[in-house]
Each structure stands twice: as C-alpha cells, then as structure tokens.
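Remarks on the structure that follows.
The values are calculated or read from the model by the stated rules, or taken from the named source; none is laboratory data. The shown structure was predicted, so the numbers you read here are calculated from the model rather than taken from an experiment. Every residue, glycine as well, gets a Cβ built from its backbone with ideal geometry; the counts of neighbours run over all protein chains shown. To get the accessible areas, we keep the full protein, side chains included, count just its heavy atoms, and leave off ligands, DNA and RNA. Shrake-Rupley method; radii C 1.70, N 1.55, O 1.52, S 1.80 Å.
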Amino acid sequence: MASLSLIIFGAGSVRLAGAAAAIALLIGHLQVVLIKKLYPRKRPYMTLKQTQVLKDPLKDHSFPSGHTTAVFSVITPIVVFFPILALLLIPLGISVGLSRIYLGLHYPSDVLVGMILGVSVGVLSCMML
C-alpha cells in the first residue's frame, strides 16, 4: 500500500522509490514462495512445545520470513532514494523481524535470510530503474 501511494501521489524521486519498492515487493514475494516450497521448515511453535503463540497462528512453512522480506524490500528503495529516512525505517524493519521471532512464528535464521533477501531485491529493483 505504501509503495502504491508513493507511485500515485508522488512525483520524481518519490514516484521512482515507490516503483522500485513495488517491484522489489513482487520479486521478494515470489522468491519467498519458491524458497518455502524448496525448504519446508516447521515454525518454532510447532517444534518447540514451550513456545507461546497467539490464537490461530500461521501454519505454512517458516523459512524465510515473508513479513521481514516484505518490509525490507519496501524500505530499501526508499532508503536508497532518501538516505535520511534510514534512521526511521531501518529500526522499523528490524522490529518487524524481531516481532516475528518473539511471536514464535520464525527462527532467527528465517528473519536474517528474509532481511538479506529483502535488501537484495530492494537494491536490485533500484538498479533496474
């Protein structure tokens, strides 16, 4: 939604950042779906019985974290175009990743790979424009 808003309401660099974020989000999502099929890893709450989770937790595979991939794929192009926003956006992205671990939905390696994947596709999308 954020990238679409930047594309529709922005101009110049703002619109380019939005377009790069949308492209990165799409590519990142496709890669997450493929990797989850290739490496079907159970979520922590399914294997670690003492893990507390919210009602109706996710049931698909854990690796990599799709939420972490998504947030970093969107914030990376914005930070590339507007570096000052890194002070706000990078801590936001890290907190999304940490929340996935805290909620018992991902292992730290799921989040780390999601972050690397999101940043990679974010940078790649900027290079494509």
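Details
- Pairs of Lys residues in region 1-102 that lie 8 or more places apart, or on two chains, and have C-alpha atoms under 16 angstrom apart add up to 4.
- Contour minus Cα-Cα distance for Ala86 and Leu30 (0.36 nm per residue): 17.6 nm
- Identified option (computed mean projected area of the Cα convex hull in nm²; candidates [x] 10.4; [y] 7.6; [z] 8.0): [z]
- Expressed as a whole percent, the accessible surface of the chain that belongs to carbon and sulfur atoms is 75, based on a 1.4 Å probe.
- Estimated FRET transfer efficiency (Asp60, Ser13; beta-carbon r; R0 30 Å; 0.05): 0.25
- Only helical runs count toward this figure. For the chain, summing -39,500 (n - 2.57) over DSSP H runs of n ≥ 4 and dividing by all residues gives -23500 deg cm²/dmol at 222 nm.
- Entry comment: accessible area of the chain is 58 Å² per residue, from protein heavy atoms only and a probe of 1.4 Å.
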